[in-house]
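Please read the structure below before turning to the comments.
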Amino acid sequence: MPAPDQKKAFALFRAAVPYEQIAVQLSCTVAQAKTAVRKAIEASTVALDQTAARIVDLERIDALHRAHWQKALNGDAAATDRVVKLMQERQRLLGEPTRVKDAITDALEKTLAEITTTAADEALIASCRQVARQIDHAVANGTSLEATKAMYLLPHLWNGLRELGATPAARAALNASVPAPVMTSALASSSSRNRPTRSKSRRDSTGPIALRASGRLMVIRRTPGEGSS
């Protein structure tokens, strides 16, 4: 069975015709209809670096724009108002960041897998997961305003991660709180032997003083009048 015309398949798909009906109208299989639509989306020049779903929305907006354009040029007030709204919606779609599904939740699970937790942390972990899912749901399904409002939940997630020791600042504080290693008796004895000490054999307060440091004997001569140390 020959492949259907991609432009015709996409025009039907853009008009919300189901794949089964597209296949019937273009005398092809459902799989061929889906392939033709997918290739047409990939070849679309309506926008660059956009998801397939957003490209379809933009194509539909452009089709509606063309349908109302001539009426708007002829002075139809309702058509003019519709064209302006379509242009605003198109601009919004182009300027809106691409929405990534479950981005926060997936990142949280990776973080939790890298830290050590106990059963006592389950309530805190469950809270963090709920916040992450709420943010992801708003970003994936909400309006731009709802997605923006969901970002205000991020500090609550950060607080939970901080309590779990899963933020850079928390890790740094944890490392700083670890006590320095205790010096063993052998190291302490070695350190005291290498510390400069006065030799027991010295003459008087005006004579030479012998100091032993690191196994070397040093003689310091003092002039009369210097106090003995």
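The values are calculated or read from the model by the stated rules, or taken from the named source; none is laboratory data. This is a predicted model, so every value here is computed, not measured. Note that each Cβ is placed from the backbone with ideal geometry, even for glycine, and that neighbours are counted across all protein chains shown. Side chains included, ligands, DNA and RNA excluded: accessible areas come from the protein's heavy atoms. Shrake-Rupley method; radii C 1.70, N 1.55, O 1.52, S 1.80 Å.
Data for the structure
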read-out	value
Subset of region 22-45 that is in a loop (DSSP other than H, G, I, E, B) and more than 38 Å from the chain's Cα centre (by Cα) - its residue that is nearest to Ala63 (Cα to Cα)	Leu26
Single residue of region 97-108 satisfying the filter (more than 22 Å from Ile55 (Cα to Cα) and either touching a Lys or Arg at 6+ places or on another chain (Cβ under 9 Å) or among the basic types (Lys, Arg) (or both)) that is surrounded by the fewest Cβ atoms within 10 Å (Cβ to Cβ)	Thr105
Contacts under 7 angstrom Cβ, first residue in region 50-63 being hydroxyl-bearing (Ser, Thr, Tyr), partner not in a helix (DSSP H, G or I), 6 or more apart	Thr51/Thr98
From the options Ala52, Ala67, residue that is under 30 Å from His137 (Cα atoms), open to solvent by 40 Å² or more (accessible area, probe 1.4 Å) and modelled with pLDDT under 90	Ala52
Single condition Ala113 does not satisfy, out of (1) small (Gly, Ala, Ser); (2) without any contact (Cβ under 8 Å) to a residue 40 or more places away in the chain; (3) in contact with an Asp or Glu (Cβ under 9 Å, 6 or more places away or on another chain)	(3)
Which numbered condition Gln91 fails, given (1) in contact with a helix residue (DSSP H, G or I) (Cβ under 9 Å, 6 or more places away or on another chain); (2) not in a loop (DSSP other than H, G, I, E, B)	(1)
First in region 131-153 and part of a helix (DSSP H, G or I), second anywhere and open to solvent by less than 20 Å² (accessible area, probe 1.4 Å) and of a type in the set (Val, Ile, Thr), Cβ under 6 Å, 6 or more apart	Ala150/Ile135; Leu153/Ile135
Among residues of region 109-160, those that are among the aliphatic types (A, V, I, L, M), within 23 Å of Arg99 (Cβ to Cβ) and open to solvent by less than 90 Å² (accessible area, probe 1.4 Å), counted	12
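Residue-by-condition table, conditions (1) outside any helix (DSSP H, G or I); (2) within 24 Å of Val100 (Cβ to Cβ); (3) open to solvent by 60 Å² or more (accessible area, probe 1.4 Å); (4) at pLDDT 80 or above:
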site	(1), (2), (3), (4)
Phe13	no, no, no, yes
Ala16	yes, no, yes, no
Glu20	no, no, yes, yes
Ala47	yes, yes, no, no
Glu59	no, yes, no, yes
Asp62	no, no, no, yes
